[in-house]
Each structure stands twice: as C-alpha cells, then as structure tokens.
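Rule-based calculations on the coordinates, nothing more; no lab input. Bear in mind the structure is a predicted one, so any value in this text is a computation, not a measurement. Here Cβ is always computed from backbone atoms with ideal geometry, including for glycine, and neighbour counts include all displayed protein chains.
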Amino acid sequence: MAGPVTLVTGGASGIGRATCRVLAGEGRDIAVCDVNREGAEQTLRILREQSAGNHRACLLDVSAQASWQSLAADLRSDGCTLNGLVNCAGIGRNGDFAALSLADWNAMVAVNLTGTFLGCQFAMTVMPEGGVVVNIASIGAFAGGADIAGYCATKGGVTALTRAVAMYGAPRGIRVCAVAPTYVDSEMLDEVADNFSSRAEMLAGMAELVPIGRVASPEDIARAIQFLMSDSAGMITGTTLQVDGGQLAGLPSRHANA
Ligand SMILES: NC(=O)c1ccc[n+]([C@@H]2O[C@H](COP(=O)([O-])OP(=O)(O)OC[C@H]3O[C@@H](n4cnc5c(N)ncnc54)[C@H](O)[C@@H]3O)[C@@H](O)[C@H]2O)c1
C-alpha cells in the first residue's frame, strides 16, 4: 500500500512547481496536479531527479467537481491517503475594470475560488488522519487594484473561505491556512510583461513598490507554504500569512525631511 501523499494543484508551473520541489526535498511524496498535463509531467521529472520519493503527476481541473472525484477514486484505488494539500492553481485577468468581461470574471471565480472550495472539500474527505491545507491568496485580497478587481475579489474570497474551513477542520485534526504573496516572478507575469518594453522593466517597477526592494521568487512563497505545512505551525489555523516584503505593512511616510 502506498503511503500518504501531499497534493499540490497548479504544480506544473511557478509557485506550485517550487512548492513541489521544496516539499519533496523534506521527504514527502508529492502528487503534482494540474490542468497542464505536460507541465505536470515535467515537474514530476524534476522531482524524480531530485529525490527518491513515490511521486506522481495527475491531470486535474480544479474548477470541475468531477475531476476532483476522479482524482479521489484514483488515490483510493492506489491505497493512498493525503497528509496535505496546497491549493495553488490560479489565473489572473487584468485590465480596465469597466471592460472586464463576464467570461473573464467567471473564469477567475471558477479557478481561484470554486477551485479552492472544491479542494478544501476534497481534503476534508481524504485526510482521515488529519493534515494541512494551504490556500494561495494574494495581497490583492487586502488591498484593491483597479486593474485587477476580479482577481482581488476571488482572493478575498479565498481568505474568508480559509477562515471558515479552518473552523470545520479544527475538530477533525486538519489545519487550514493561506499565504498572500506580493508579486512573484513566475509564468503568471508573462502576459503582464507584454505591457512593458522588457520583463526586467516590469520587475523593477514592481520592486519599487515592495519595501524589501525586490519581487518574490516562487521559492520565497514555497518556503512560507512549507512552514505552514510543518509541525512548527501546529498552533496556526485560519490565518493568511502575508509574504509581501512589507508591502501591506505601511504607507510611505512624510513626517520628516529625509
Ligand atoms: N505570480 C504572482 O505574482 C502571484 C501573486 C500573488 C498570488 N499568486 C497566486 O499564486 C498561485 C500560483 O500562481 P503562479 O504565480 O505560480 O502562476 P503560474 O501561472 O505559474 O501557475 C499557475 C498554475 O495553475 C494551473 N492552472 C490554471 N488553471 C487550472 C485549473 N483549472 N486546474 C488546475 N490547474 C490550473 C496552470 O496550468 C499553472 O500551472 C495562483 O493562485 C496565483 O493567483 C501569484
């Protein structure tokens, strides 16, 4: 019988892939799940080069209940249980708010919010021994951006869902947390970079908005997820951890001539 696995959605790319690598590095068996099968297989190859764990790649559309059900059936038939779930799959659509299409709004709700809801429900049924769920929000959950309004709304929903499901999970031995990253230099920003003369120019502009002076790497976020998944965070549930280089900590101050 196979041992418990840690499932990472959105594992084909960016933060999800970095999270798979970091968690595999501490000896976990990883299920890399994504709607992008080729990307998930590529992450699996990276994991197998890196560590000897019993890793697997699974096709999963987080927005489709049937997809979660078939994943649960596959895990059951392999005798696998889950000890952790990272709901990392997400999409962003940006642009002028008044022009945001209903199709783009619905797509973000389906993947970012419904996908996280279905993942949390799934976790509650396949973690009989308890475990940890980490959801991925964004600083957009706490501070609005006129050109990412729909995205902000879905991520605010993720933080509220995290608190509520934490209440459900607590008596069942399941902690539910979230991380809220600032800008992360992942594939998600590829489309945004098209609006600038170069990716470097985009990243430099973003870095100016982060007190620590740089955007996050996928590994920065993966390390925070690793902490929340660990026993060191055993008393933490319902919390959204801001991983933002201080961006939400304050405003530019003008009380003295510097
Ligand atoms: N990159 C950033 O600046 C940033 C900032 C804050 C929060 N986030 C969040 O971090 C998470 C990871 O983003 P990333 O930066 O690694 O982006 P990414 O685009 O590199 O990765 C997202 C992954 O989600 C997968 N995905 C999309 N729709 C899916 C679906 N229906 N089912 C399964 N998988 C699906 C994609 O195939 C991709 O592999 C997302 O939830 C995102 O909203 C990103």
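Can you list the HN-Hα couplings for segment 166-177, worked out from phi with the Karplus curve (6.51, -1.76, 1.60; θ = phi - 60°), rounded to whole Hz and with x for Gly and Pro?
For segment 166-177, the Karplus-derived couplings read 4, 5, 6, x, 3, x, 9, x, 10, 8, 10, 10 Hz, x marking Gly and Pro.
Residue by residue through segment 89-101, what is 3J(HN,Hα) from phi via Karplus (6.51 cos²θ - 1.76 cosθ + 1.60, θ = phi - 60°)? Round to whole Hz and write x for glycine and proline.
4, x, 9, x, 10, 10, x, 4, 4, 5, 9, 4, 7
Measuring from centroid to centroid over Cα atoms, what is the spacing of segment 15-86 and segment 101-115 in Å?
Cα centroid of segment 15-86 versus Cα centroid of segment 101-115: 23 Å apart.
Please compute, for the alpha-carbon atoms of segment 44-173, the extent along each of the three principal axes and give them in descending order in Å.
Cα spread of segment 44-173 along its principal axes, largest to smallest: 49, 37, 28 Å.
Taking the Cα centre of segment 185-234 as origin, work out the dipole magnitude from +1 charges on Lys and Arg Cβ and -1 charges on Asp and Glu Cβ, in debye rounded to 20. Walk me through the intermediate numbers first.
Numbers: 3 positive and 10 negative charges, 44 e Å.
I would put it at about 220 debye.
Roughly how many whole Å is it from the C-alpha centroid of segment 193-221 to that of segment 154-183?
Cα centroid of segment 193-221 versus Cα centroid of segment 154-183: 27 Å apart.
Please compute the net charge surrounding Glu191, taking Lys and Arg as +1 and Asp and Glu as -1 over other residues with Cβ under 13 Å from its Cβ. Provide the component values of the computation, followed by the final result.
Numbers: positive: Arg93, Arg199; negative: Asp104, Asp147, Glu187, Asp190, Asp194.
Neighbourhood net charge equals -3.
Kirkwood-based Rg over Rh for the chain (C-alpha set), two decimals? List each step's numbers first, then the result.
Numbers: Rg = 18.2 Å, Rh = 18.6 Å.
Reported Rg/Rh, Kirkwood definition of Rh: 0.97.
Is any residue of segment 202-223 close enough, with backbone N under 11 Å, to a label point placed 7 angstrom from the Cα of Ser232 along the Cα-Cβ axis, and if so, which?
Backbone N within reach: 223.
Distance in nm between label sites at Asp96 and Ile212, each 7 Å beyond Cα in the beta-carbon direction?
3.6 nm
Under 5 Å between amide hydrogens, which residues at least 5 positions from Leu82 or on another chain qualify, with H placed 1.01 Å from N in the peptide plane?
It is Val5, by chain and number.
Over the Cα atoms of segment 101-166, what Rg and Dmax result, in angstrom?
Expressed in Å, the Cα Rg and Dmax of segment 101-166 come to 13.0, 43.
Along its principal axes, what span do the Cα atoms of segment 1-75 show, with the longest given first and each in whole Å?
32, 30, 16
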